[in-house]
1. Criterion first (among the acidic types (D, E), in contact (Cβ under 8 Å) with a residue 40 or more places away in the chain and either more than 18 Å from A:R61 (Cα to Cα) or assigned to a helix (DSSP H, G or I) (or both)) does A:E142 satisfy it?
2. Mind checking which residues of segment B:251-302 are surrounded by 12 or more Cβ atoms within 10 Å (Cβ to Cβ), in a loop (DSSP other than H, G, I, E, B) and within 21 Å of the chain's Cα centre (by Cα)?
3. Please state which one of A:S276, A:S258, A:S280 is in a helix (DSSP H, G or I), surrounded by fewer than 17 Cβ atoms within 10 Å (Cβ to Cβ) and assigned by TED's automatic domain parsing to the domain that holds A:M334.
4. State which residue is surrounded by the fewest Cβ atoms within 10 Å (Cβ to Cβ) when the search covers only segment B:166-201 and only residues that are in a helix (DSSP H, G or I) and basic (K, R).
5. Tell me yes or no: at least one residue of segment A:69-77 is in a strand (DSSP E or B) and charged (D, E, K, R).
6. Hey, among the residues in segment A:237-247 that are part of a helix (DSSP H, G or I) and buried (at least 17 other Cβ atoms within 10 Å of the Cβ), which one's farthest from the other protein chains (Cβ to nearest Cβ)?
Amino acid sequence: MKEFFAFIKKEFLHIFRDKRTILIVMIMPIVQIILFGFAISTEVNNVRVAIVGDTTDPEVRKVIDRIDNNKYLTVTEILSNTNEISPKFQRNEADVAVCFSRNFDSELHSGGKASIRIIGDGSDPNTAQMITSYVSGAIQDEQDDITIDYAGEQKTSMSPVVQLMYNPAMKSSYNFVPGVMGLILMLICSMMTAISIVKEKETGTMELLLVSPVKPLWIIISKAMPYLVLSIANFVSILLLSHYVMEVPVNGSLFLLSGVALLFIIASLAIGLLISVIASNQRTALLISGMGLTMPTMIFSGIIFPCESMPEILQWVSHIIPAKWFIIMVKKIMIQGDGFVYIIKELSILAGMAAALLAISIKSFKTRLQ
Amino acid sequence: MNAIEIEHISKNYKTVSAVKDISLSVKEGEIFGLIGPDGAGKTTLFRIMTTLMLADAGKGRICGFDIVKDYAQIRQIIGYMPGRFSLYQDLSVQENIDFFATMFGTTLQDNYETIREIYSQIEPFRKRKAGKLSGGMKQKLALCCALVHKPSVLFLDEPTTGVDAVSRKDFWNMLYRIKASGVTVFVSTPYMDEAGLCDRMALIRQGNIIDTGTPAEIVAKYPYALLAVKGTPMYPLLKELRKLDGVISCFSFGDSHHLAYDPAKTQKENILAAAVAAGFKDCTAWEIKPGIEDCFMQLSEQ
């Protein structure tokens, strides 16, 4: 046991004496979570609306006021004709344009039909989609009022009211926090463990450790242990940050969430050990964990692209990424507040992966040099 | 019982064979030298003996323990100092020693006497990081770490490579003291001048042991008479001497040429006369006793 503690102490000394390691292990997760949580947001705020039409027209005025009163939308400009829209978009002075037909008021009242055109900036389709739906929402509200005004009473009509359960404000941090949590834990556990073992191989100290009477299994465990501790610390700090700064709720059981995280950390450590067996130098280890872990985790775990819209073959690939299952579970527990029963499938898949990876990596750890 | 006993050890790396059918035995309490140039297979043999590597063929015993089956027991009783400095550069001298002592289930205090003489030299720097030590200091630290658990057999892979002449001499004095405390020392070196310092030794070349014995035995086996020859210019002289009748071989050794000849066919006077006749100036020649390097050269020729 004394050997074990001496080993862990040594491992912590390595970590705390290397500024780069400290940076990766302690600072990067916090920066990442803040970056993803704040800077990279898919919400649209302060949309600048340009208006084309006759602003003296009373009905047009009403619509413009309606748009301007929307908290996401601001009318910034009144243009005289549609030709001016394109230069505005090009100079990035407007995000969307709303065009009213000529004689809007009279057409609406006499003909009962007037048209409004919404022109979005398609060079950024996702944002344009969201902005145009905001604008048409605002116009729809006005339409409802008009209907009541003219018919005198509310006509029978179906109007869908959309509500997003669990995330009514559509905050993107609800999506990013679980994703980034998975990414960071994966990165620290796998990459740092792999690199620290491979470093011993590279500098030749592994030779001395193997020649010592310490059992190889203990070498592995004591190499992984400090990163386990650091990962738990990171998990806690991410959780605190996301709860108090990003205001992401923890609706489910904190205990269950921690248990799931621990399981994922163990799976990641096992992957790290496996990489350390394959890689002969630090550069290879870094490359394998960067290309082989971080990239697929980013792509397949649903942080950026939803897995459901991928071709079937890629969806199959995504199933073998442990982070995917972890992120699904974190979303269920944190956001939906699901209990144990609802995550049994994902939990057993991740547990199976962790057990298999751990068994393979311990078995393949060599008691001798290559 | 012999401390080290290996029989017919062979090891191949893909197509290259590093060690070919090597058998050696090292008595308890002696300093045994493995002498050979770089790439002769010394490190491979060390790794096989220290249970770090499996041989393709052959078997071996360290203090009676089988190098394959009983690797765990062997790891308890040996000390190993790899050729490259392999300690933690970011840990201090003290931390390194403490760590390795604990790994071997002991403490610096318990075994202070064992390493006192060496450790006392680096003790003033015990707070310094190992990476910031000089070459000689690093080597002393590595030796301390290898000795801290009182091993029965100490394996030193090229401990004096890259160390200055004074430190090398110091180092060999330390080895004698370690030997005096009853430890068997198995040391490798590419320097032939260190060979004479061993109790017994083996000459290794391209994975083959070409001779074993005490330094005196190996030198005594040298079959020819040996001359040191000087003259200007030196390099053409070497070529000229090699052409002479009765000359077996001639190699450049620092400031003179060592020339082996068959006393039945030629004499020192003949050789000297031939050199003068060929137009070389300041020619001198004198009889010398063969050294280990001469023996190595002669054995390599075969």
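1. Working: among the acidic types (D, E): yes; in contact (Cβ under 8 Å) with a residue 40 or more places away in the chain: yes; either more than 18 Å from A:R61 (Cα to Cα) or assigned to a helix (DSSP H, G or I) (or both): yes.
The answer is yes for A:E142.
2. Once the filter is applied, which keeps residues that are surrounded by 12 or more Cβ atoms within 10 Å (Cβ to Cβ), in a loop (DSSP other than H, G, I, E, B) and within 21 Å of the chain's Cα centre (by Cα), segment B:251-302 yields B:P290, B:G291.
3. Values: A:S276 fails: surrounded by fewer than 17 Cβ atoms within 10 Å (Cβ to Cβ); A:S280 fails: in a helix (DSSP H, G or I).
Residue meeting the stated conditions: A:S258.
4. Our first condition is that a residue be in a helix (DSSP H, G or I); within segment B:166-201, this holds for B:166-180, B:192-197.
Restricting the remaining residues to those that are basic (K, R) gives B:168-169, B:177, B:179.
Working: B:R168: 20, B:K169: 14, B:R177: 12, B:K179: 16.
My answer is B:R177.
5. In the first step, residues of segment A:69-77 are kept if they are in a strand (DSSP E or B); the result is A:73-77.
Remaining after also requiring charged (D, E, K, R): A:77.
Scanning segment A:69-77 turns up at least one residue that is in a strand (DSSP E or B) and charged (D, E, K, R).
6. Our first condition is that a residue be part of a helix (DSSP H, G or I); within segment A:237-247, this holds for A:237-244.
Subsequent filtering for residues that are buried (at least 17 other Cβ atoms within 10 Å of the Cβ) retains A:238-239, A:241-242.
Numbers: A:I238: 28, A:L239: 32, A:L241: 30, A:S242: 34 Å.
Among them, the one singled out is A:S242.
Rundown of residues vs (1) surrounded by fewer than 19 Cβ atoms within 10 Å (Cβ to Cβ); (2) part of a loop (DSSP other than H, G, I, E, B); (3) under 20 Å from the mean Cα position of the chain (by Cα), yes/no style:
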| position | (1), (2), (3) |
| --- | --- |
| B:A40 | no, yes, yes |
| B:A55 | no, yes, no |
| B:V68 | yes, yes, no |
| B:R75 | no, no, no |
| B:G79 | no, no, yes |
| B:L87 | no, yes, no |
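A quick yes/no check of all residues on (1) of a type outside the set (G, A, S); (2) crowded, with 20+ Cβ neighbours inside 10 Å; (3) under 22 Å from the mean Cα position of the chain (by Cα):
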site: A:Y227; (1), (2), (3): yes, yes, no
site: A:F235; (1), (2), (3): yes, yes, yes
site: A:V250; (1), (2), (3): yes, no, yes
site: A:S253; (1), (2), (3): no, no, yes
site: A:L314; (1), (2), (3): yes, no, yes
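The values are calculated or read from the model by the stated rules, or taken from the named source; none is laboratory data. In this text, all values refer to a predicted model and were calculated from it rather than measured experimentally. Cβ atoms come from the backbone with ideal geometry, glycine included; neighbour counts cover every protein chain shown.
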